[in-house]
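*Asks:* Got a structure for you, written out below as C-alpha cells; questions coming shortly.
The values are calculated or read from the model by the stated rules, or taken from the named source; none is laboratory data. Here the structure is a predicted model, which is why all the values come from computation and not from measurement. Note that each Cβ is placed from the backbone with ideal geometry, even for glycine, and that neighbours are counted across all protein chains shown. Ligands, DNA and RNA are stripped out before the accessible areas are found, and what is left, the full protein with its side chains, is counted by its heavy atoms. Shrake-Rupley method; radii C 1.70, N 1.55, O 1.52, S 1.80 Å.
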Amino acid sequence: MKKWNDVHRMVKNGDLDASLLKTGCENLKAARERAIHVMEGFKESFGATEDTMVALCSAPGRTEICGNHTDHQHGRVLAAAVNLDFLACVALNGTSVVHFQSEGWPMTSVDLADLEVKEEEKETTASLIRGVLAKLHKAGYPVAGFDMYVTSTVLPGSGLSSSAACEVLIGTTGNHLFCQDKFDAVEIAKIGQAAENEYFGKPCGLMDQTASSVGDAVAIDFKDPANPIVRSINADLTGLGLALCIIDCGADHAALTNEYASIPEEMSKVAAHFGKKVLREVKEEDLLADLAQVRKEAGDRAVLRALHFYADDRRAAEEADALERKDKEAFLNLVKESGRSSWELLQNITPAAAITHQDMAVALAVAEKALNGKGACRVHGGGFAGTIQAFVPVEDVCEFKKTMETMLSEGCCHVLSIRPAGGLIL
C-alpha cells in the first residue's frame, strides 16, 4: 500500500498503465480517469487525507464459453474473464468494521467481531463480505476492518456473474491486506465459492469464481470439486478475427428458481439410478444400455439433459484445445454444437409452458439471422432468461450490433473482450 497522494500521482502520470492494461482496458486515458474517479470517491466518502495508505484493486466478470450446466455434475467447462470489472480503492480503518461503499448504492457495513452466518443477510453483499473474510480468518489470518469505495461495470443480472466478481474482489483484497498474498488465484476462488454457498445461500459451482480469479480463459475439470484441475488458455479472439458479444434477451430471472433447480435435480436423478450422485461418475454407455429403465424412473427430459451433459463435457475440452491451437473453424463449430445441444437436449432456453414470451429463443433466432452464416451464438450461463453469447467476425461487429438492437432493444448488445488478468492489486 502507498499514500493516497502517491497512488493518485502514479495513476495520473501513467506509472500504473501496465497494471491497467491487465484489466483489458482498450483506452488507457479512460482507464486512468476511472481509477482517479474511484480514488476521489474514496477520499470524499471516508474523509481520507493525502497521506492515507491505500491500494487499488480490481476483479472481473466472467463469460462461460462451453460446458453449459456441466460443472454441478463434476464435468468440464471453458470460461473466461471479461473486461468489465469491480474497481476499488481500499484502506485499513483501525476498527473491526468493513465499510463497503458501492457507487450509487447505500453503504454496507459488516462488523467482523462476529463471523457467523447471518440468515437475515443471505443474498446480500454483506453476506459475501462476511463470508470471504470469515474463511480467511478460519485459515489463521487476523482480518480487520477496512474502508472500500467501489465502482462496477459488471451489472447485476447481466449474466457475467457480479457476485463472483465481488467475492474475488474481497478475496484478493483480504489476501493482500492480511495474508501477505499467500493464497493463489484458485484458492481465492474456492474461498469465494464457500462464501456464496454458506453465507449468501446460493449452492453455486466453482466456475464463475475461478474464471474471475484466474483471468484470461480457463479450462476447468471438476472431477474432484475440492481440487479442480485448472488449465490457463490464451484466448486470442482478436487474432482469430472474432469479437465477443453478450446480448441481453430482455427477460429477467425472477420466478425461475424452479426451472434452474430442475436441471441438477434431473441429472442427479439419472445418476441415482446407477447408485451415483453426479453424472461424471456414470459412463454414458451404461446410460444408453439401460435407457428404457432410466426413462421410466427419471423421465425423458432428465435423460435428454443427461445426454447433453456428456456431449458438452466433451466439447468443453475440445473447444479449449481448438482455442489453444487457434483453430477458428473448429472453435466456432463447437460453439454452434453447444448451443444446439442446450436448446434441444438441455432445454434451458424457454421456461416450461411459456408461449407468449420466449425472449431467449427470439434473441437466438435474431442473432442467427444477424450472423448470416458467419460466427456462432449460444445460450450464456443458466439459461431461460438473461443473456446469450455470440462470436462475431470483427468486420461485422458494428452491423451485428445495429441489427440486434434494432430487432430487440437499444443497448442490448455489449461488445466485450477477454481480460488477460483475474483479480489483482494494481
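*Asks:* I'm checking my understanding of the structure. Among residues of segment 1-34 that are in a loop (DSSP other than H, G, I, E, B) and touching a residue at least 24 places away in the same chain (Cβ under 8 Å), which one is farthest from Cys179 (Cα to Cα)? Reasoning before the result, please.
*Replies:* First, the residues of segment 1-34 that are in a loop (DSSP other than H, G, I, E, B): 1, 14-16, 23-27.
Narrowing the set further to residues that are touching a residue at least 24 places away in the same chain (Cβ under 8 Å) leaves 1, 16, 23-26.
On the way: Met1: 14, Leu16: 23, Thr23: 23, Gly24: 27, Cys25: 28, Glu26: 32 Å.
The extreme case among them is Glu26.
*Asks:* Let me ask you something else. Of the conditions (1) within 21 Å of Ser58 (Cβ to Cβ); (2) modelled with pLDDT under 95; (3) among the hydrophobic types (A, V, I, L, M, F, W, C), Ala194 clears all except one; give me its number.
*Replies:* All conditions pass for Ala194, except number (1).
*Asks:* Here is a follow-up. Could you please find all residues in segment 20-54 being surrounded by 19 or more Cβ atoms within 10 Å (Cβ to Cβ) and among the hydroxyl-bearing types (Ser, Thr, Tyr)?
*Replies:* Scanning segment 20-54 gives Thr23, Thr52.
*Asks:* Could you look through segment 396-412, keep only residues that are among the polar types (S, T, N, Q) and assigned to a helix (DSSP H, G or I), and pick out the one that is least open to solvent (accessible area, probe 1.4 Å)? It would help to see each step written out before you state the result.
*Replies:* So the first thing to find is which residues in segment 396-412 are among the polar types (S, T, N, Q), and the list is 403, 406, 409.
Checking the rest, the ones that are also assigned to a helix (DSSP H, G or I) come to 403, 406.
Numbers: Thr403: 37, Thr406: 107 Å².
Filtering first and then ranking leaves Thr403.
*Asks:* With the checklist (1) open to solvent by less than 10 Å² (accessible area, probe 1.4 Å); (2) part of a strand (DSSP E or B) in hand, flag the one item Asn68 doesn't pass.
*Replies:* (2)
*Asks:* Could you grab the pairs with beta carbons closer than 9 Å, sequence gap of 6+ or different chains, first residue in segment 127-142 and touching a residue at least 60 places away in the same chain (Cβ under 8 Å) and of a type outside the set (Val, Ile, Thr), second one in a loop (DSSP other than H, G, I, E, B) and open to solvent by 50 Å² or more (accessible area, probe 1.4 Å)?
*Replies:* Going by the 9 Å Cβ cut-off, the qualifying pairs are Ser127/Val117; Arg130/Asp114; Arg130/Glu116; Arg130/Val117; Gly131/Val117; Ala134/Glu116; Ala134/Val117.
*Asks:* Right, next: Which of the residues spanning segment 202-218 are of a type outside the set (S, T, N, Q) and either crowded, with 24+ Cβ neighbours inside 10 Å or in contact with an Asp or Glu (Cβ under 6 Å, 6 or more places away or on another chain) (or both)?
*Replies:* Initially, segment 202-218 is screened for residues of a type outside the set (S, T, N, Q), giving 202-208, 211, 214-218.
Within segment 202-218, Lys202, Cys204, Gly205, Leu206, Met207, Asp208, Ala211, Val214, Gly215, Ala217, Val218 qualify.
*Asks:* How do the pairs read when you match residues in segment 325-343 that are within 12 Å of Leu237 (Cα to Cα) with residues anywhere that are aliphatic (A, V, I, L, M) and surrounded by 16 or more Cβ atoms within 10 Å (Cβ to Cβ), using Cβ under 7 Å and keeping only pairs 6 or more apart or on different chains?
*Replies:* Close Cβ pairs satisfying both conditions: Lys326/Leu240; Lys328/Leu240; Phe331/Ala322; Phe331/Leu323; Leu332/Ala376.
*Asks:* Does segment 226-242 hold any residues that are in contact (Cβ under 8 Å) with a residue 60 or more places away in the chain, outside any strand (DSSP E or B) and on the phi < 0 side of the Ramachandran plot, and which are they? Break it down stepwise before answering.
*Replies:* Keep residues of segment 226-242 that are in contact (Cβ under 8 Å) with a residue 60 or more places away in the chain, which gives 231, 233-242.
Pick out the ones that are also outside any strand (DSSP E or B) and you get 234-241.
Hits for segment 226-242 are Asn234, Ala235, Asp236, Leu237, Thr238, Gly239, Leu240.
*Asks:* Given the conditions (1) in a helix (DSSP H, G or I); (2) open to solvent by less than 60 Å² (accessible area, probe 1.4 Å); (3) in contact (Cβ under 8 Å) with a residue 24 or more places away in the chain, and given that Pro351 satisfies all but one, which numbered condition is not satisfied?
*Replies:* With respect to (1) in a helix (DSSP H, G or I); (2) open to solvent by less than 60 Å² (accessible area, probe 1.4 Å); (3) in contact (Cβ under 8 Å) with a residue 24 or more places away in the chain, Pro351 is out only on (1).
*Asks:* Follow-up question, since we're still on this one. May I ask you to list the residues in segment 95-149 that are at positive phi and in contact with a strand residue (DSSP E or B) (Cβ under 9 Å, 6 or more places away or on another chain)?
*Replies:* Residues of segment 95-149 at positive phi: 104, 123, 140.
Listed by number, the list holds a single entry, Gly104.
*Asks:* Still on this structure, please answer the following. Quick one: would you say Lys223 is in contact (Cβ under 8 Å) with a residue 12 or more places away in the chain, open to solvent by 60 Å² or more (accessible area, probe 1.4 Å) and in contact with a strand residue (DSSP E or B) (Cβ under 8 Å, 6 or more places away or on another chain)? Full working, then the answer.
*Replies:* Working: in contact (Cβ under 8 Å) with a residue 12 or more places away in the chain: yes; open to solvent by 60 Å² or more (accessible area, probe 1.4 Å): yes; in contact with a strand residue (DSSP E or B) (Cβ under 8 Å, 6 or more places away or on another chain): yes.
Considered against the rule, which asks whether it is in contact (Cβ under 8 Å) with a residue 12 or more places away in the chain, open to solvent by 60 Å² or more (accessible area, probe 1.4 Å) and in contact with a strand residue (DSSP E or B) (Cβ under 8 Å, 6 or more places away or on another chain), Lys223 comes out as yes.
*Asks:* Which of the numbered conditions does Ser102 fail, given that it passes all the others? Conditions: (1) within 19 Å of Ala35 (Cβ to Cβ); (2) under 15 Å from the mean Cα position of the chain (by Cα).
*Replies:* Of (1) within 19 Å of Ala35 (Cβ to Cβ); (2) under 15 Å from the mean Cα position of the chain (by Cα), only one is false for Ser102: (2).
*Asks:* From (1) open to solvent by 10 Å² or more (accessible area, probe 1.4 Å); (2) at pLDDT 95 or above, pick out the condition that doesn't hold for Leu84.
*Replies:* (2)
*Asks:* Shifting gears a bit: State whether one or more residues within segment 96-103 are under 30 Å from Val278 (Cα atoms), of a type in the set (Ser, Thr, Tyr) and surrounded by fewer than 20 Cβ atoms within 10 Å (Cβ to Cβ).
*Replies:* If we filter segment 96-103 for residues that are under 30 Å from Val278 (Cα atoms), which is where we start, we get none.
The answer is no; no qualifying residue exists.
*Asks:* Please work out which residue is farthest from Ser163 (Cα to Cα), limiting yourself to segment 115-142 and to residues that are surrounded by fewer than 24 Cβ atoms within 10 Å (Cβ to Cβ) and among the basic types (Lys, Arg).
*Replies:* Lys138
*Asks:* All but one of (1) assigned to a helix (DSSP H, G or I); (2) in contact with a Leu (Cβ under 8 Å, 6 or more places away or on another chain); (3) not hydroxyl-bearing (Ser, Thr, Tyr) hold for Ile246; which doesn't?
*Replies:* (1)
*Asks:* Working only within segment 171-202, note down all residues that are under 25 Å from Cys66 (Cβ atoms), in contact (Cβ under 8 Å) with a residue 40 or more places away in the chain and in a loop (DSSP other than H, G, I, E, B).
*Replies:* Step one: of segment 171-202, the residues under 25 Å from Cys66 (Cβ atoms) are 184-190, 192-193, 196-197, 202.
Narrowing the set further to residues that are in contact (Cβ under 8 Å) with a residue 40 or more places away in the chain leaves 185-186, 188, 192, 196, 202.
Lys202, the sole residue that qualifies.
*Asks:* Same structure, new question: Restricting the search to segment 273-299, which residues are without any contact (Cβ under 8 Å) to a residue 12 or more places away in the chain, surrounded by 12 or more Cβ atoms within 10 Å (Cβ to Cβ) and not in a loop (DSSP other than H, G, I, E, B)?
*Replies:* Once the filter is applied, which keeps residues that are without any contact (Cβ under 8 Å) to a residue 12 or more places away in the chain, surrounded by 12 or more Cβ atoms within 10 Å (Cβ to Cβ) and not in a loop (DSSP other than H, G, I, E, B), segment 273-299 yields Leu288, Arg295.
*Asks:* In addition: Select from segment 300-344 the residues that are under 23 Å from Val282 (Cα atoms) and of a type in the set (Asp, Glu) and write down the one among them that is most open to solvent (accessible area, probe 1.4 Å).
*Replies:* Glu344
*Asks:* Just name the residue that is farthest from Met407 (Cα to Cα) out of those in segment 357-369 that are free of Cβ contacts under 8 Å to residues at least 60 places away in the same chain and open to solvent by 30 Å² or more (accessible area, probe 1.4 Å).
*Replies:* Among those that are free of Cβ contacts under 8 Å to residues at least 60 places away in the same chain and open to solvent by 30 Å² or more (accessible area, probe 1.4 Å), it is Gln358.
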